[in-house]
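Data first, discussion second: the structure below is written as structure tokens.
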There are 2 protein chains.
Amino acid sequence: MKKLVNRPEDVVRESLQGLGAAHPDLVEVHLDPHYVVRAGAPVAGKVGLVSGGGSGHEPMHAGYVGRGMLDGACPGEVFTSPTPDQIYECTKRVSSGRGVVHIVKNYTGDVMNFEMAAEMAQGEGIEIRSVVINDDVAVEDSLYTAGRRGVGATVLAEKLAGARAEAGGSLEEVADVVRKVNDHARSMGMALTSCIVPAVGKPTFDIGDDEMEIGIGIHGEPGRQRMKLEPADQIVDRLLEPILDDLGARPGERVLAFVNGMGGTPTIELYVVYRRVAERLRQRGLTIERSLVGSYITSLEMAGCSITILRLDDELVSLWDAPVVTPGLRWGA
Amino acid sequence: MKKLVNRPEDVVRESLQGLGAAHPDLVEVHLDPHYVVRAGAPVAGKVGLVSGGGSGHEPMHAGYVGRGMLDGACPGEVFTSPTPDQIYECTKRVSSGRGVVHIVKNYTGDVMNFEMAAEMAQGEGIEIRSVVINDDVAVEDSLYTAGRRGVGATVLAEKLAGARAEAGGSLEEVADVVRKVNDHARSMGMALTSCIVPAVGKPTFDIGDDEMEIGIGIHGEPGRQRMKLEPADQIVDRLLEPILDDLGARPGERVLAFVNGMGGTPTIELYVVYRRVAERLRQRGLTIERSLVGSYITSLEMAGCSITILRLDDELVSLWDAPVVTPGLRWGA
């Protein structure tokens, strides 16, 4: 196993310590239980925004804590749901009295543990709204999921709802942005190689030198089909068609196109992918009003990519353009 | 060869087309010869800032074209110097009459071709200052270099000199910032795996499952030593000691710590590395005033990292904090 780690069991803790050391102006790292909150949390008068899930998807979620995005993130062990305790402590820590929104990716453990944490927090008088993200069109049920998995739309929901919360939005308004993003976004991914979970030490799955997995999950869980490697343009078409079929965007609509690297894919390839995405969307009569290209929701060192398309309206465009300052995503003030 | 590409010979062109499609507000992509300039170039009254080199190091350099960083970038084929023609055309395109600074990484082909392009541009009355970056302490001469190689300091020089140019700096002032960064920065890298040049189709070098290469170059060229894989903290110490010995920073000094991923290394590992870097610098009595953690100067999908330490003064801190808006690096307005 070739990794820049010390003891595999210390990866999450040490990585969080590194995050805290690198960005003391933005985040505050708590250990045992592990959670990351915005420096100076809670922000008086602001609705709190919390997400979390297994580690190994960095910069998501801890890298999105800061100004204009998340108030708190709860990182589990690698590819393992955070405990109710982590989520509960984090939620309390960011609560300013106006309520807290939980953004939950649709994995059975995450959903269950966020539910328990929400009950605990509500028991202490903190109002919670939980929104489950399930944007992955690849499979209806999977190894870790009843229903569709939550993937790339999570990043967009965290940015957009974060902007609404930063602008003083109410608990219901912030939750509504998350719901809208989930309704208006669809994703699908693929992998060229497996990843290796540090504590396991061997590849999550075997894949031939000339094969790829279409519809892969962000934990390396199986997708739609294993097939021979194809040129990038054909791969894009394989991902984009099911996304667009399900999205229901009409010609003339505006979209955000998000090309995401799985962790081990170089930027030069992501732009080759983006080129085809732009070409196909134009052919469909869709206008790319905003875009995001990079490795934002990853699967450790997996090589591959995912595509997320979000239907935009004026509200979402304006929330997208609002400043965001986090370790993993930043623009504006 | 597992890559998201179409024909290997089209990777650079198609990736640039993707870059242009994704960021029409920031960059303008020219093909045959290939170069990328800031949207709306030249900027009236502004000193131009141009860099370039082989492709495969993205986001460097084309991803650093925009506001507050480069005016132009000249991407060669993968790991191949750009031609004098590319550099000359790019230089002309960004020249507003106040002169153009060339930032050149110290590789024989780059140095030679930038020199020829500078002569051509000067022949047309464009004043040029060329500054060669050679911050890599790993080796004195290498496969492609007489003298030290230019690596991570290039990213910092492009950001910092870009800020000086944006603020109206003169040709000499902008070149002076590049010189200062090169004088005040030292770097060293390591690799866990090789990369594969698309047109070659097989790994640049062979490396055992339990081995690493210390002092690797950004084209996979050999470094100081091949050795057994060690824990991350020991690897950091192996990179940091030669950097600090050469840097000559005194206790109490302020530095920028830059932990860079080589392309295939996940973010979670880069923060494990950063944790140790911060610990060691503190032990040395150095204050990390600014930091940068991510994959900013890469070697395709190589797994590994490099560390760059830059000695800061008030001028450099203020230039670092100035807004930058490029596809690969952005903060502020």
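The values are calculated or read from the model by the stated rules, or taken from the named source; none is laboratory data. The shown structure was predicted, so the numbers you read here are calculated from the model rather than taken from an experiment. Because the Cβ atoms are built from the backbone with ideal geometry, glycine has one as well, and the counts that use them run over all protein chains shown. We work out accessible area using only protein heavy atoms, side chains counted, and drop any ligands, DNA or RNA first. Shrake-Rupley method; radii C 1.70, N 1.55, O 1.52, S 1.80 Å.
Annotations
- For region A:142-208, GluC sites (Glu not before Pro) meeting the loop criterion (DSSP other than H, G, I, E, B) and having at most 14 other Cβ atoms within 10 Å: none.
- Closest approach to the axis carrying A onto B, counted by Cβ on chain A and given in whole Å with its residue, is A:GLY264, 2.
- Separation of alpha-carbon centers, region A:180-195 and region B:250-304, rounded to whole Å: 30 Å
- Rounded accessible area of B:HIS34 (nearest 10 Å², 1.4 Å probe): 20 Å²
- Listed residues B:VAL236, B:GLY248, B:LEU300: farthest to the positive end of the dipole of region B:198-333 (Cβ charges): B:GLY248
- Extension gain, B:ASP10 to B:VAL200: 0.36 nm times the residue separation minus the Cα-Cα distance gives 67.1 nm.
- Using heavy atoms of the protein chains and a probe of 1.4 Å, the accessible area assigned to B:ASP32 is about 110 Å².
- Environment charge at A:PRO59 (Cβ cut-off 11 Å; Lys +1, Arg +1, Asp -1, Glu -1): -1
- Local electrostatic count, A:GLN234, Cβ distance below 12 Å [Lys/Arg +1, Asp/Glu -1]: 0
- Computed over chain B, relative contact order equals 18 percent, with contacts defined as Cα pairs under 8 Å that lie 6+ residues apart.
- Three-way shape label, region B:1-144, alpha-carbon gyration tensor, a/c 1.5: oblate
- Rounded to the nearest 500, the 222 nm mean residue ellipticity of chain B from helices alone is -10500 deg cm²/dmol, with -39,500 (n - 2.57) taken per DSSP H run of at least 4 residues.
- For region A:185-313, fraction of C-alpha pairs farther apart than 23 Å, in %: 29 percent
- Net +/- balance of residues flanking B:ILE309 in space, Cβ distance below 12 Å, scoring K and R +1, D and E -1: 0
- Global geometry of chain A, whether rounded, prolate or oblate, following the gyration tensor of its Cα atoms and the 1.5 cut on a/c: oblate
- Summary value for region B:185-313: 35 percent relative contact order, contacts being C-alpha pairs under 8 angstrom separated by 6+ residues.
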